[in-house]
Structure formats: structure tokens, C-alpha cells
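Please read the structure below before turning to the comments.
The values are calculated or read from the model by the stated rules, or taken from the named source; none is laboratory data. The model shown is predicted, which means the values in this text are computed figures rather than measured ones. FYI the Cβ positions are ideal-geometry reconstructions off the backbone, even for glycines, and counts take in every protein chain you see. With ligands, DNA and RNA removed, areas are computed over all heavy atoms of the protein, side chains included. Shrake-Rupley method; radii C 1.70, N 1.55, O 1.52, S 1.80 Å.
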Amino acid sequence: MDPQVLASQLRHPSGEHASEVALNMNSANGQLNVKCIDLLNLQNSESLLEIGPGNGVFAADIIKRADNLSYTGVDWSADMVAEAKRMNEDIVTSGQATFQQGNSSQLNFDNNVFDKVLTVHTLYFWDKPLEHLVEIRRVLKPQGLFCLAFGDSSFMKDLPFVPYGFELYDKELACNLLQESGFRLLNAEYYVEQGVSNTGEVVDKIINIIICKA
């Protein structure tokens, strides 16, 4: 896939390429998602919001982590929301999971709703990141946890699709944004893995995983 087309699809999977791109993202990001879910240490009866879940492939795993968990996924892409509902029909029908189209700069939820919020590889696409972070903090319960994961600029800068609409960050810059938006940092770590990128190449991925508290 042409790098510019791939960049557009990674930002907003849609049309004939949407399903293929989602499957590739699931494969490329699988280990990282599991790592982030582990770090959130989900407890019985908690509620989790995932921003940018794509086709929702990890939702079923999340709700198995503890009893009576509730999961909500919000994605920009209507195609991804439709596919997530289809793939997770059982847990959607049971009321354990919901998926909706939306933008994390304007979340359609009341204040203090979620115990945990997770987002992986979405930060690059936020035109005004502070607006998104303030909104995430708003929907988190007091003392709620937020996990933000993204590729470090030192690794991302050489990927061929990055010039087309990606804003890159390192750990320091992201931590400053989080603190400016009212979060208290608990842990910031590098996660390094060798894996297949969205271009199909085997690369050493340097990922920042930041856990913070509302």
C-alpha cells in the first residue's frame, strides 16, 4: 500500500482497505495491547474506556480480566465501529461491551464515569492533544487510571508513512502534556519489542507506556 494511503488508513480506517488495515494493526500491536491491559490491573466491577479500538479485537480479552467488567470503545471510524459490533456481537448483546463512533476531544459521556481509560497509537492524530487529554480526565473517576501508549519519535521518524499526518512525541513531551492537562504521572517506561510494522517490515519498536492518575 502506498505510504500516504496507509497513513490515511491508520488514522481513519475506511472503505475497501478498512478490514485489512485493522487486521494488520491487530497483529502489529497485539503484544503492546496485552502489556497495557496488564498494567491497568483491572478489578471486579470496573468500567474501561478504550479510545481507538479499531475492530475491537481486544474487548473480549479485557472483559475476562475480572468479574462484572464493562467495556466501552470509541473510534473515529464508522467502519471500525460497525466491524467491532459484528465481531463482538455476544458481549455487545449481553451488555458487557458497547462501541460508538466519536472523537476523544468531545466524548459523549458524563463526568467521572470510567475507572480506567486506555489508548494505544492514537496520540499522533490528535490535532490539539490538550483538548483530548482534558476530556479524558473529565470522564475518568477521581483517582482513575489512564494508560497512554505510543511509538517514540526516535523509532517512528524513519517509518515511510509518518510524513503524512503524524505528529511525533517522545516521553518527555508526552509527560509534559499529561501534567499540563491535570494528570499525575505514576509510571513512564519504554517497552521494546521486535515485530512486524504496519508496512510489513520486521523492526525494533520503541514504545512509551505512561500510566497516570486523574
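Listing for the model above:
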{"item": "Residue satisfying all of: in region 127-150; more than 12 Å from the chain's Cα centre (by Cα) and within 15 Å of PHE166 (Cβ to Cβ); least open to solvent (accessible area, probe 1.4 Å) among these", "result": "PRO129"}
{"item": "Some residue of region 77-94 being part of a strand (DSSP E or B), of a type outside the set (D, E, K, R), modelled with pLDDT of 95 or more and under 25 Å from TRP126 (Cα atoms)", "result": "no"}
{"item": "Verdict on VAL57 being without any contact (Cβ under 8 Å) to a residue 60 or more places away in the chain and open to solvent by 50 Å² or more (accessible area, probe 1.4 Å)", "result": "yes"}
{"item": "Matching option when the condition is of a type outside the set (Gly, Ala, Ser), closer than 20 Å to ALA149 by Cα and open to solvent by 20 Å² or more (accessible area, probe 1.4 Å), among ASP67, ASP38", "result": "ASP38"}
{"item": "Flag if GLN100 is open to solvent by 70 Å² or more (accessible area, probe 1.4 Å), modelled with pLDDT of 95 or more, touching a helix residue (DSSP H, G or I) at 6+ places or on another chain (Cβ under 7 Å) and not acidic (Asp, Glu)", "result": "no"}
{"item": "Tally, over region 71-95, of residues that are crowded, with 18+ Cβ neighbours inside 10 Å and touching a strand residue (DSSP E or B) at 6+ places or on another chain (Cβ under 7 Å)", "result": "12"}
{"item": "Those residues of region 41-54 which are farther than 18 Å from ASN108 by Cβ and open to solvent by less than 40 Å² (accessible area, probe 1.4 Å), in sequence order", "result": "LEU42, GLU46, GLY54"}
{"item": "Residues that are farther than 20 Å from CYS212 by Cα and among the acidic types (Asp, Glu), drawn from region 26-67", "result": "ASP61, ASP67"}
{"item": "Candidate set from region 151-162 (those that are in contact (Cβ under 8 Å) with a residue 40 or more places away in the chain and either more than 29 Å from LEU48 (Cβ to Cβ) or not acidic (Asp, Glu) (or both)); member that is surrounded by the fewest Cβ atoms within 10 Å (Cβ to Cβ)", "result": "SER154"}
{"item": "Selection within region 8-33 - open to solvent by 60 Å² or more (accessible area, probe 1.4 Å) and either closer than 16 Å to MET87 by Cα or part of a helix (DSSP H, G or I) (or both)", "result": "SER8, ARG11, GLU16, GLU20, LEU23, ASN24, SER27, GLN31"}
{"item": "Number of positions in region 165-191 that are assigned to a helix (DSSP H, G or I), open to solvent by 70 Å² or more (accessible area, probe 1.4 Å) and within 13 Å of SER154 (Cβ to Cβ)", "result": "2"}
{"item": "Enumeration of residues in region 60-87 that are touching a Ser or Thr at 6+ places or on another chain (Cβ under 9 Å) and of a type in the set (A, V, I, L, M)", "result": "ILE63, ALA66, LEU69, VAL74, ALA78, MET80"}
